[in-house]
Amino acid sequence: MSASTNHLDERTTDSSELLADIMPSAITLAMMLRQKKMAAWLRTEFDGYQDRESAPPYRRDLPGHIVARSPQYGWIPAPVNDQQKGTYGHLDLIEGTKALEKICVNSKKGDGNRILLDKDAMLELQKQINLSAELAINLSREIYCRLLRTVRATIYLWTQELMAKGLEGEHNHYSNEERAQVADLDDPEHFWRRAMEELDNLPVPDVKSAGFFERVFGRAG
């Protein structure tokens, strides 16, 4: 199997490319370069984390809005104070990037994804606000998209550094010398921390909603 750092780099900045389609190529490149840490991080991002503790900070304590299910009006803002919002109004997203990207693709700007509160937390908060209604956290589409852009930006920054060290063009394999040349870049944490800091200044696109793809494929058909 061949791998092109240049092509992978280009795909990270192409809004028509889904992250779920880019990541297998990134995993292949990392394996060809014998970059075990990067390959392991990419695989875990793709498949999902086992628990909160193993997830990076860009996946933890993501802020949302607490909502309550009203029999009459559907889901409405829950009557919570700032302290309750601070305690219960955030979530960890440990699912794989493919599942998270699907949520973004199937929603539009301004939409959110509603996740029921953990059973124990729900009972505790229901007691505090004297409400028996189901409670959930609504995470905005933007929260999901920012997480996905962070992963995408990590790959982008990694490929930029690989190219800066001379690893360009199509390859069916890499020599020991080439692998040694970029061995110090086998550090996913370095790149995702940079991605978190520099995200707003990087040429990494947001996830397009399904409407965009339908229009494109409709015209093509």
Q. Under the condition of being of a type in the set (D, E, K, R) and modelled with pLDDT under 95, which residue from the stretch 180-214 is farthest from residue 27 (Cα to Cα)?
A. 214
(Q) Checking residue 28 against (1) out of contact with any Asp or Glu (no Cβ under 9 Å at 6 or more places or on another chain); (2) of a type in the set (S, T, N, Q); (3) farther than 30 Å from residue 177 by Cβ, only one condition comes out false. Which one? (A) (3)
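For a quick check of your reading: which helices (runs of 4 or more DSSP H) sit entirely within the stretch 1-69 and have at least 3 residues that are closer than 16 Å to residue 150 by Cα and aromatic (Phe, Trp, Tyr)?
Qualifying helices (runs of 4 or more DSSP H): none found.
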Q) Is it the case that the stretch 16-34 has a residue that's touching a residue at least 40 places away in the same chain (Cβ under 8 Å), in the same structural domain as residue 187 (by the TED database) and surrounded by fewer than 17 Cβ atoms within 10 Å (Cβ to Cβ)? A) yes
**Q.** Set 151, 204: member being crowded, with 16+ Cβ neighbours inside 10 Å and part of a loop (DSSP other than H, G, I, E, B)
**A.** 204
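The values are calculated or read from the model by the stated rules, or taken from the named source; none is laboratory data. The structure presented is a predicted model; accordingly, all values stated were derived computationally and were not measured. As a convention, Cβ positions derive from the backbone with ideal geometry for all residues, glycine included, and neighbour counts pool all protein chains shown.
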